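The block underneath contains the structure these notes are about, expressed in structure tokens.
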Amino acid sequence: MLNAYIDDSGDAKNKQVSAFTLSGYVFTAHNSMLFCEAWREVLRRYDLPYIHTREAIRLDGVFAKVPGDGMNACLVDCARVIRDHVAFELSCVVETDAWRQAQATIAKHALVEHGLVYYTNPYFLQYMSLVQMAHHFKLTRGYNDDIIFFFDEHNVNMREAADLYRATAKSAPEMLKRIGISDDPPRFVDDEKMPPLQAADMAAYAVRKQHDPNAGRLRPFEEILRGIEPKCKLLYDEEAFRSKLGVEVAIATAEREASDRTGATEVLSWLAGQRYREYVRERFGKA
């Protein structure tokens, strides 16, 4: 079994944010346990109950008692523990302007009404993308196990995305199966009690900062995180949305105009599958 721990950074509704991300790490079940032991040892060494990256950097809350140099050292130690235990990094970044611009095409061609419900919520799009990416990427790395996704129980955005996922799994299970997505819903746990979710918080912070034109210098822990390999990453910028929507609009239009909708759907689903497998080969080396 593989466990994927994911957190978000950035707000899709905030016009001042250049990008928002879902990011985190995938562990084998065994390494997940080893990771938790090593992470908790770091916390004991610095007398901290958990790590919240942004608060830690600002020395807010429980982190106020730790001197600045000590907090930097703690984050470096945490980053090293991540580096030494993860199977691979997983992230999906959406550029805020690109998402907004895509809405005009989505609305014009009524793609949500046609069944592409992941466009109703950007976090649902990210989650569906992460699940697809992880499914194919794990195979390229020699993993045949299923992946269970974990999110923070306080994450409102991901709870809304999970509700959409459950509705999709119930109404269109064959669609999920066709594109290699498990119908196993994500799980929600308390991040303060789950070290891998604290690591995901660090990942989300570091990944989003890479897409912030006003970001300052890299901190030492960020340099370590950027060096973690392998990475499975997808960026939805203007070009990516243009390519994705181009295929989806063509399929939706053809299905609406076809006299034999069942036959058209089967053929177009096969073509879409071929197109997706080509993308996977280009992106990850094989389908």
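Points to keep in mind about this one:
- For first residues located in the stretch 186-200 and without any contact (Cβ under 8 Å) to a residue 60 or more places away in the chain, partners that are surrounded by fewer than 17 Cβ atoms within 10 Å (Cβ to Cβ) and among the basic types (Lys, Arg) and lie 6+ apart or on another chain with Cβ distances below 8 Å form the pairs Phe188/Arg159.
- Residues satisfying the stated conditions in the stretch 61-95, i.e. over 27 Å from the mean Cα position of the chain (by Cα) and part of a loop (DSSP other than H, G, I, E, B): Val66, Pro67
- Among residues that are within 30 Å of Leu245 (Cα to Cα), of a type in the set (Phe, Trp, Tyr), crowded, with 21+ Cβ neighbours inside 10 Å and touching a Phe, Trp or Tyr at 6+ places or on another chain (Cβ under 8 Å), Tyr127 is included.
- In the stretch 186-209 there is at least one residue matching the filter, namely being in a loop (DSSP other than H, G, I, E, B), at pLDDT 80 or above and either in contact with a strand residue (DSSP E or B) (Cβ under 7 Å, 6 or more places away or on another chain) or closer than 23 Å to Arg83 by Cβ (or both).
- Inclusion of Ala73 among residues that are buried (at least 20 other Cβ atoms within 10 Å of the Cβ), more than 23 Å from Tyr165 (Cβ to Cβ) and among the small types (Gly, Ala, Ser) is not warranted.
- Residue count for the stretch 213-236 under the criterion of being assigned to a loop (DSSP other than H, G, I, E, B) and closer than 18 Å to Arg58 by Cα: the result is 6.
- Listed by first and then second residue, the pairs linking a residue in the stretch 129-155 that is within 18 Å of Ala29 (Cα to Cα) to a residue that is in a loop (DSSP other than H, G, I, E, B) and aromatic (Phe, Trp, Tyr), with Cβ atoms under 9 Å apart and 6 or more places separating them unless they lie on different chains, are Phe137/Tyr143.
Residues are listed down the side, and each one gets a yes or a no for (1) hydrophobic (A, V, I, L, M, F, W, C); (2) touching a residue at least 60 places away in the same chain (Cβ under 8 Å); (3) closer than 19 Å to Glu153 by Cα:
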{"position": "Thr21", "(1), (2), (3)": "no, yes, yes"}
{"position": "Phe35", "(1), (2), (3)": "yes, yes, no"}
{"position": "Val42", "(1), (2), (3)": "yes, no, no"}
{"position": "Glu55", "(1), (2), (3)": "no, no, yes"}
{"position": "Cys74", "(1), (2), (3)": "yes, no, no"}
{"position": "Arg80", "(1), (2), (3)": "no, yes, no"}
{"position": "Glu89", "(1), (2), (3)": "no, yes, no"}
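- Restricting attention to the stretch 6-38, the residues being outside any loop (DSSP other than H, G, I, E, B), out of contact with any His (no Cβ under 6 Å at 6 or more places or on another chain) and under 20 Å from Gln210 (Cα atoms) number 10.
The values are calculated or read from the model by the stated rules, or taken from the named source; none is laboratory data. This is a predicted model, so every value here is computed, not measured. No Cβ is skipped: glycine too gets one built from the backbone with ideal geometry, and neighbour counts run over all protein chains shown.
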